[in-house]
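In what follows, a structure is listed as structure tokens, so that the remarks can point back to it.
The values are calculated or read from the model by the stated rules, or taken from the named source; none is laboratory data. Fair warning: this is a prediction, and the values are worked out from it, not measured in the lab. We place every Cβ from the backbone using ideal geometry, glycine too, and count neighbours over all the protein chains shown. Surface areas here come from the heavy atoms of the whole protein model, side chains and all, with no ligands, DNA or RNA. Shrake-Rupley method; radii C 1.70, N 1.55, O 1.52, S 1.80 Å.
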Amino acid sequence: MATDTDPDRIERFEDIDWQATEMRGGLSAVSRKAFGLLLTLAAVCVFFLYDYYLVRKRKPTVPVIEWDVSQVDWMFMVTLAVIFFYVLLPLYENPRMTRYYWREFRKNRAAVFSGGFLLFVFGTGLVGPLLLPKPEIALELGYQPPVFTSVSNNYPIQCVGEAANGRCFGTFQHPLGTTGRGKDIFRLIVYGMTVSMQIGLITGLIIITIGTIVGAVAAYVGGLADEVLMRYVDIQLTFPTFLLYLLLIYLFGQSLFMFILVFGVTSWGLIARLVRSEALQRTEEEYITAAQSAGAPNLYVIWRHILPNVSSTVITAVTLLIPSLLLYEAGLAFLQLGDPSIPSWGQVISAGRSDLSFAWWISTVPGVFLFFTILAFNFIGDALRDALDPRQTTQE
Amino acid sequence: MADELLEVENLRTQFDTDEGTVHAVDGVDFSVGRDETVCIVGESGSGKTVASESVTKLIRMPPGRIDADAVRFDGTDIYSMSEKQLRQVRGRRISNIFQNPQGALNPVYTVGWQIVEAVQMHSEKSDREARERAVELLDRVGLPNPGTAVDEYPHELSGGQKQRVIIAMALASEPDLLIADEPTTALDVTIQAQILDLIREIQEDYGMSVLFITHDLGVVAEIADRVVVMYAGKVMEKGDVYSIFENPSHPYTKALLNCLPGHGDLMGRIGGSLPSPLDPPDGCRFADRCDYVREECRQGEQPPLHELDGTDHRVSCVYYAPGADPSPLQGDADGQGSNVYSDGGYPDE
Amino acid sequence: MSFKTYVAQRLLWTVFATFIIVSITFLLLAASPNAQVSQFAFEAAQNPGTSAEEAREAARQRLGTNQPLWERYTEYMINMFTLNWGYSQSGGGQLVTERILNALPYTALYSVPTTILSVIIGVSIGLYSATNQYSRFDYAATFFAFFGYAIPNFWFGIILLVIFGAWLGWVPIIFQPDVPWLSFEMLKQLILPVIVLVTAQTTGLMRYSRAEALEYVEAEFLKTAKAKGVSSYRVITRHIFRPAAVPLMTILISDLLGLFIASSLLVEVVFSIPGLGRLTFNAILQQDTPLVLSTTLVGVMIAVFGNLLQDISYTVLDPRISYDSRE
């Protein structure tokens, strides 16, 4: 199997070419990518320094749109830059490869729907907060039902839509209704998309980065370094992150930044193991030996030959890891242990919990979105695993 | 024909796959007499293994589908039996040995456990009696130290030893018919001969019939009474071992014999490859690779098995149709090797 | 290496890992910006024979004398390993260990049936699915698996509670801890939490056991078994399940650990069950540092020993394992 898919493989991994060619010099397409990324990161840095030194705390960084950039926003910017330069740009520059992906991807209908849904969530989460004002508390607007549904007139203080026969009907003003404190659920959902995407993508990037580096180093350096790193991974995998997070928020206070940091920094154990075992297998293979005997430096070999080959395994594993992060976040938000300043779906579910018997929509709508987002990540992860599962050929 | 132990009529086994229906065995007849050894010969993919496993319906269903006009064993049609009745036949009256001893034993149970299971499946023996029987069987198949081997796990044994264990398991209920599917292919040459001797020995001791599946004509010459030559799910030729070797009549059989060292061209091989089992071509399955192919070979069905000189030797080839002249096939039985070797060979089943 | 040496080695490793983990908690406590918390780091170092008030007094004095970090650390470690976990600040001067012991039975009350049910249901559905791959049942099971995985269990819980508790009134909305354990009332109030957790647990087990069994449904030794005359039921239970159980064991334990650690907290809060999860939760809300620390450590210890158990059971189940090749 390995041999007849090889051409595709090479083609497929062109996108994660890293800065390999930089080492050979010359301003090729690849180093342009790295250059672009560095430039963007530098811009983010300047912006950050400006915010840190020149803008006073609790003042919006960008006054025009009232945007006070948070720690998470900074990380999100970096993540988006990486995604742009190492996912979108290569896809655009290699239309043939993109078409190949699309052909492969199209075969799994559930994954296509899931992909579409996630793109929608991602796009809306990215653009939505710029177009829609932040959901505000408006007590007199509480308990407005979603459009096409109604609720007994006893609950809303003031009915925005039509009121007939003692029932208050929903309007397009609040298409998904409002919470008990009058926050518009549609806007909450959109803002929640941003939060979910931030959790998924930033944490995912942190996990990929640390896991890959640790795994590759352990495999390539070997000896004591390998032993120590893998023992550490053993301990980390035993330590339940959820409890660690509980302890940490108890000690240091709760924030989304903390959540992303804790889960990002402690969830890469499996990835590191995967990368290590895959890299160990790869180092045995001939092209690595060939590269080494041609005088390629170790770092170059890892960068150029090992990382691209493990990337599919890593991406699959992370795709399947993200849903559990989203579930944890929602669970913590539900327990009021999440970041109270962030409108995540879990918080809306929590907010509507006690009103569920009459205002069913408050908890149900975000719950449904959470459900489908998790489902979508799972479908895509499963489809990726089916397509790339290395185990299928190695079983006796 | 009344003394036949097993009679298979028009056996058809198909597999439903994503690409379509694979006709692995496509209307095959054969029979095994009492105390007789019948060999089914053919290259990999000819359907011989599937045919042998279809006899007691060992094929996974789905994706497999098995159908036959009749499969009579000792006078009763085992294909009209319920699954429960069929289980009474499996292992008790018809036993199987498989090609790959590596995979044929469950890795997480001891050898003894697996033989005891076979013993107790068809007898009321207590655990202790069954264990004694297991040791006895292991001793019978020539496993050194059967008393300790009984508590070993399969991974602690060599390939030849595993095959002996599997044979011991097959003997547990002293069956009437042993179906051996390439039992020596996966083994070293020296071990092959030992296992073959063992099978012959126990056949005599127990008075069993043997249905032996192989691609190795050397083995056929050694053990067979009768031979069935299969190709692409069809029977090409069958008859007693002497007439097949003396007078190979189907071009495919001739070609097969030419592949034997010491016959015709050194390492002469049959060019081309098996026809697609998804959509078998019209006419004779071998037509595409046959040097004597004629127009009528590519029409209609596979030719019926024509009798040769009124004997039991039958050939599925238009040259032997009543009134046809088989002489073009005669004469240069050794001149087949003109095609370039291209077949990847065996085994892959 | 013999089996005994292997177990001894694993045991040593577990002790070492525990040591590291407890040390980390100390460092976290000492580094915490929360004054009350860092004070606890001293309290814990204090002899637990004294009352909470005395301890606090002594701690304040020590805070002034600025005892060296190393000494605080040794005392802390000794206390932790001798189960001298101090007094709960929120529970009226109760010992922390006592509160944990009181809460544990309630966690066991629903988690024991959950574990048994989800293992039985999950594994049997998985095996059946694998042996009947691509059948309608298989598709239904896969659908159920995705559903069970994707539905946030606290959300599922409150929705069930609204439907069966508030609307239909079949089950109590608030868990009654003083109901006799072996009574119909207890059964009634346990049904929903068990359903929620079984849905969550079953799906993982089901998918894993299906995947593992699929590795074996085409195995040649199944054909051998069938040729012996073994019934298909026995083929599944003896010849597929047993080899599949080896890798399944790994997943089983880590999955169940997940249950005890994260899910139990959410479910206990939703259904107001006074178990370990709720104890942890309340401790956090009430800023009860000794209790937070201890409940967390209990969870971690369960995970650590679960892992040990998993490694050992793995070697017991698989005769092919050579102890040297395992870490």
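Just a few scattered comments:
- In this structure, C:Ile121 does satisfy being touching a residue at least 24 places away in the same chain (Cβ under 8 Å), surrounded by fewer than 19 Cβ atoms within 10 Å (Cβ to Cβ) and in a helix (DSSP H, G or I).
- Screening the candidates C:Tyr139, C:Tyr149 for the property of being in contact with a Pro (Cβ under 9 Å, 6 or more places away or on another chain), within 30 Å of C:Ala244 (Cβ to Cβ) and in a helix (DSSP H, G or I) yields one hit, C:Tyr149.
- Members of segment C:221-245 found to be at the interface with chain B (Cβ under 7 Å from one of its Cβ atoms), in a helix (DSSP H, G or I) and crowded, with 20+ Cβ neighbours inside 10 Å, listed by number: C:Phe221, C:Lys223, C:Thr224, C:Lys226, C:Ala227, C:Lys228, C:His239, C:Pro243
- For the condition surrounded by 22 or more Cβ atoms within 10 Å (Cβ to Cβ), in a helix (DSSP H, G or I) and more than 14 Å from chain C (Cβ to nearest Cβ), A:Gly192 does not qualify.
- Condition met for B:Gly331 (at pLDDT 70 or above, on the phi > 0 side of the Ramachandran plot and more than 22 Å from the chain's Cα centre (by Cα)): no
- Exactly one residue out of A:Phe35, A:Phe84, A:Phe48, A:Phe120 is modelled with pLDDT of 75 or more, assigned by TED's automatic domain parsing to the domain that holds A:Ile342 and open to solvent by 60 Å² or more (accessible area, probe 1.4 Å), and it is A:Phe120.
- Filtering segment B:159-170 to residues that are touching a residue at least 24 places away in the same chain (Cβ under 8 Å) and either surrounded by fewer than 24 Cβ atoms within 10 Å (Cβ to Cβ) or polar (S, T, N, Q) (or both) leaves B:Gly159, B:Gly160, B:Lys162, B:Gln163.
- Residue pairs whose Cβ atoms lie under 7 Å apart, separated by 6 or more positions or on different chains, with the first residue in segment C:1-22 and in a helix (DSSP H, G or I) and the second of a type in the set (S, T, N, Q) and surrounded by 13 or more Cβ atoms within 10 Å (Cβ to Cβ), are C:Phe3/C:Thr315; C:Tyr6/C:Thr315; C:Ala17/A:Thr238.
- For A:Gly161, the test of being touching a residue at least 40 places away in the same chain (Cβ under 8 Å) and either in a loop (DSSP other than H, G, I, E, B) or farther than 30 Å from A:Ser70 by Cα (or both) is failed.
- For segment C:188-215, the candidate set comprises residues that are under 30 Å from B:Asn106 (Cβ atoms) and of a type in the set (Gly, Ala, Ser); within that set, the residue that is surrounded by the most Cβ atoms within 10 Å (Cβ to Cβ) is C:Ser209.
- Every condition in (1) hydroxyl-bearing (Ser, Thr, Tyr); (2) assigned to a loop (DSSP other than H, G, I, E, B); (3) at pLDDT 75 or above holds for B:Tyr319 except the one numbered (2).
- Each residue in segment C:124-157 was checked for being of a type in the set (Phe, Trp, Tyr), more than 14 Å from chain A (Cβ to nearest Cβ) and either surrounded by 16 or more Cβ atoms within 10 Å (Cβ to Cβ) or touching a residue at least 60 places away in the same chain (Cβ under 8 Å) (or both), and 1 pass.
- Every pair of residues 6+ apart whose Cβ atoms lie under 8 Å, when the first sits in segment A:33-46 and is part of a helix (DSSP H, G or I) while the second is open to solvent by 100 Å² or more (accessible area, probe 1.4 Å): A:Phe35/A:Leu27
- Only one entry in A:Leu327, A:Leu337 is modelled with pLDDT of 85 or more and within 11 Å of another protein chain (Cβ to nearest Cβ), namely A:Leu327.
- Of the residues making up segment C:163-181, those that are at pLDDT below 85 and either closer than 15 Å to A:Arg353 by Cα or in contact with a Phe, Trp or Tyr (Cβ under 8 Å, 6 or more places away or on another chain) (or both) are C:Gly165, C:Ala166, C:Trp167, C:Val171, C:Ile173, C:Ile174, C:Phe175, C:Pro177.
- Candidates A:Tyr101, A:Tyr92, filtered to the one that is of a type in the set (Ser, Thr, Tyr) and open to solvent by less than 90 Å² (accessible area, probe 1.4 Å): A:Tyr101
- When C:Glu218, C:Glu185 are checked against the criterion of being on the phi < 0 side of the Ramachandran plot, within 14 Å of chain B (Cβ to nearest Cβ) and open to solvent by 10 Å² or more (accessible area, probe 1.4 Å), C:Glu218 stands alone in meeting it.
- Residues in segment C:250-269 that are surrounded by fewer than 23 Cβ atoms within 10 Å (Cβ to Cβ) and over 22 Å from A:Phe263 (Cα atoms): C:Thr250, C:Val269.
Yes/no matrix, rows are residues, columns are (1) more than 20 Å from the chain's Cα centre (by Cα); (2) under 22 Å from B:Asn100 (Cα atoms):
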| residue | (1), (2) |
| --- | --- |
| C:Pro193 | no, no |
| C:Gly204 | no, no |
| C:Arg210 | yes, no |
| C:Leu214 | yes, yes |
| C:Glu218 | yes, yes |
| C:His239 | yes, yes |
| C:Arg242 | yes, yes |
| C:Ser263 | no, no |
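- In segment B:106-135, the residues that are among the hydrophobic types (A, V, I, L, M, F, W, C) and either within 26 Å of the chain's Cα centre (by Cα) or part of a helix (DSSP H, G or I) (or both): B:Val111, B:Trp113, B:Ile115, B:Val116, B:Ala118, B:Val119, B:Met121, B:Ala130, B:Ala134, B:Val135
- Any hit, segment A:239-258, residues being at pLDDT 80 or above, more than 14 Å from chain C (Cβ to nearest Cβ) and crowded, with 16+ Cβ neighbours inside 10 Å: yes
- Of the residues making up segment A:224-235, at least one is surrounded by fewer than 21 Cβ atoms within 10 Å (Cβ to Cβ), more than 14 Å from chain C (Cβ to nearest Cβ) and either closer than 25 Å to C:Asp255 by Cβ or more than 25 Å from the chain's Cα centre (by Cα) (or both).
- A:Gln392 part of a helix (DSSP H, G or I), at pLDDT below 80, on the phi < 0 side of the Ramachandran plot and within 11 Å of chain C (Cβ to nearest Cβ): yes
- Checking each residue in segment B:144-156 for being surrounded by fewer than 16 Cβ atoms within 10 Å (Cβ to Cβ), assigned to a helix (DSSP H, G or I) and more than 13 Å from chain C (Cβ to nearest Cβ) picks out B:Gly147, B:Thr148.
- Taken together, the residues in segment A:356-383 that are assigned to a helix (DSSP H, G or I), at the interface with chain C (Cβ under 10 Å from one of its Cβ atoms), open to solvent by 20 Å² or more (accessible area, probe 1.4 Å) and in contact (Cβ under 8 Å) with a residue 60 or more places away in the chain amount to 5.
- Sole exception among (1) outside any helix (DSSP H, G or I); (2) farther than 24 Å from A:Gln347 by Cβ; (3) under 26 Å from the mean Cα position of the chain (by Cα); (4) not acidic (Asp, Glu) for A:Leu176, by number: (2)
- The one condition in (1) open to solvent by 70 Å² or more (accessible area, probe 1.4 Å); (2) away from chain C (no Cβ under 14 Å) that B:Val141 fails to fulfil: (1)
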